[in-house]
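Asker: Okay, here's the structure, questions in a sec.
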Amino acid sequence: MPIEHLEEYYANVIDSVGDGVVVLDGQGVVTLLNPAAEEMIGISVRQARKIHFSDLFRGEEILLDMVQKTAQTGMTISDHENIVLKKSGRLIPVSATTSPLMKADGDRIGTILILRDLTNIRELEEAVRQADRLSSLGALAAGLAHEIKNPLGGIKGAAQLLEMELPDNAELRDYTRVMLKEVQRVNRIVEDLLALASPRKLALTKVNLHRILGDILLLQKRTVEGRSITFIQQFDPSIPPILGDESLLTQLFLNLIKNAVEAVGDGGQVRVKSRILSDYSMTPKGESRSRLVAIEVSDDGPGIPKDEVDHLFTPFYTTKTKGTGLGLAICQKIVAEHRGMIRVDSEAGKGTAFTVMLPLI
């Protein structure tokens, strides 16, 4: 292969790498920046060329120290925990490795910095931690629910007997009706707690997600007649049926779509989108690698403040006046039972998006 073609070939290889690659010469001046590094650092290769690394990474003390030590000693240095880039207008957790750039005869002529975006990994780690917390709370909730159901049955029976003894026109019947209504409400909460805490055997079948979502949207359109809410569906027709429990998945997406409808006012917009995720995959133990399908339910409502987003999946945490705070916790349990993940992205004043990721099995 001619030398010019060889250089073009190697340049294409570096540009195609998903990790950020920054190459410095012997004086610490940037000579090369691939597209992934441009995006992470927030600067184009044209702007970065001829800039000294200490200016390019000003304020990133750990990176500066790593590059300097590698340039001085020829050692390869890695840090996978402590670096967060702030250059592109957002915080990006990264792992970094600095290595010496050497000629064939062993002479050091520069330094190579490799940056890997850890945003997705950090999101997965947080999802696992949240699932662990939910599991602990679920065990406590199960015991509490069983303890409540017995006296609740006694209260209901006593109220019914009292109502039977009272004349039809007695004012006290209003009180017994309130008692029975409140007992039913508490019983629904207890049933939700048991659903959250109790292990279930999934009734697995081939599920057409688009049919489920289409039916839910059709019903919601009828429910909001008289309100000018726009429903948008963007479905990837290439997504095949997945293995899942149809009733639970219907409960999951009905809850998310109803929440989105409640979040928007007149003139609002609810969007439901499906797509195949190319940057995520799962490899369950003993099984082959599986891609993921993502279902995103988003709205353009008022959004959720950051301090509330962190608690959304916690049982009994709710911002609704009539909510129990168990709906999203149950949604997360359903997703976990299907070996998937759920995440929420929201910004006050700009809307909210819930993304459910399920394995394509």
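Asker: Check ILE109: other-chain or 5+ apart residues with amide H under 5 Å from its amide H, H built from backbone geometry?
Answerer: Counting only residues 5 or more places away or on other chains, the set is LEU101, MET102, LYS103.
Asker: Carbon and sulfur together cover what percent of the accessible area of segment 322-361 at a 1.4 Å probe radius? Don't jump to the answer; show the numbers that get you there.
Answerer: On the way: 790 of 1460 Å².
It is 54 percent, rounded to a whole number.
Asker: Quick one: if the Förster radius is 22 Å, what FRET efficiency do ILE51 and VAL17 give, using the C-beta to C-beta distance and rounding to 0.05? Each step should come with its number before you reach the end.
Answerer: Working: r = 21 Å, r/R0 = 0.96.
According to the calculation, E is roughly 0.55.
Asker: Taking amide hydrogens as modeled 1.01 Å from N in the peptide plane, which residues meet the under 5 Å criterion relative to ILE51, leaving out close sequence neighbours?
Answerer: VAL30
Asker: With the full set of protein chains in place, find how many percent of the accessible area of segment 150-278 is carbon and sulfur; take the probe as 1.4 Å.
Answerer: C and S atoms contribute 54 percent here.
Asker: Would you kindly derive the ³J(HN,Hα) couplings of segment 108-116 from the backbone phi angles with the Karplus curve 6.51 cos²θ - 1.76 cosθ + 1.60 (θ = phi - 60°), listing them in order in whole Hz, with x for Gly and Pro?
Answerer: 7, 10, x, 9, 10, 10, 10, 10, 10
Asker: Net charge near ILE109, counting Lys/Arg +1 and Asp/Glu -1 over other residues with Cβ under 12 Å of its Cβ?
Answerer: -1
Asker: Next up: Which net charge results for the neighbourhood of MET75, defined as the other residues with beta-carbon distances under 14 angstrom from its beta-carbon, given Lys and Arg at +1 and Asp and Glu at -1?
Answerer: Values: positive: LYS69, ARG108; negative: ASP65, ASP79.
With Lys, Arg at +1 and Asp, Glu at -1, the neighbours total 0.
Asker: Enumerate the calculated ³J(HN,Hα) couplings along segment 175-191 in order (Karplus 6.51 cos²θ - 1.76 cosθ + 1.60, θ = phi - 60°), each rounded to whole Hz, writing x wherever the residue is Gly or Pro.
Answerer: After applying 6.51 cos²θ - 1.76 cosθ + 1.60, I find 5, 5, 5, 5, 4, 5, 5, 5, 4, 4, 5, 5, 5, 5, 4, 5, 5 Hz.
Asker: Let me ask something else about it. Given the pairs LYS258/LYS333; LYS156/LYS333; LYS206/LYS333; LYS50/LYS86; LYS206/LYS258; LYS50/LYS103, which are separated by over 27 angstrom at their Cα positions?
Answerer: Violating the 27 Å Cα-Cα cut-off are LYS156/LYS333.
The values are calculated or read from the model by the stated rules, or taken from the named source; none is laboratory data. All values derive from a computational prediction rather than experimental measurement. In this analysis, Cβ positions are derived from the backbone assuming ideal geometry, glycine residues included, and neighbour counts consider all displayed protein chains. These area figures cover heavy atoms from the full protein model, side chains too; ligands, DNA and RNA do not enter into them. Shrake-Rupley method; radii C 1.70, N 1.55, O 1.52, S 1.80 Å.
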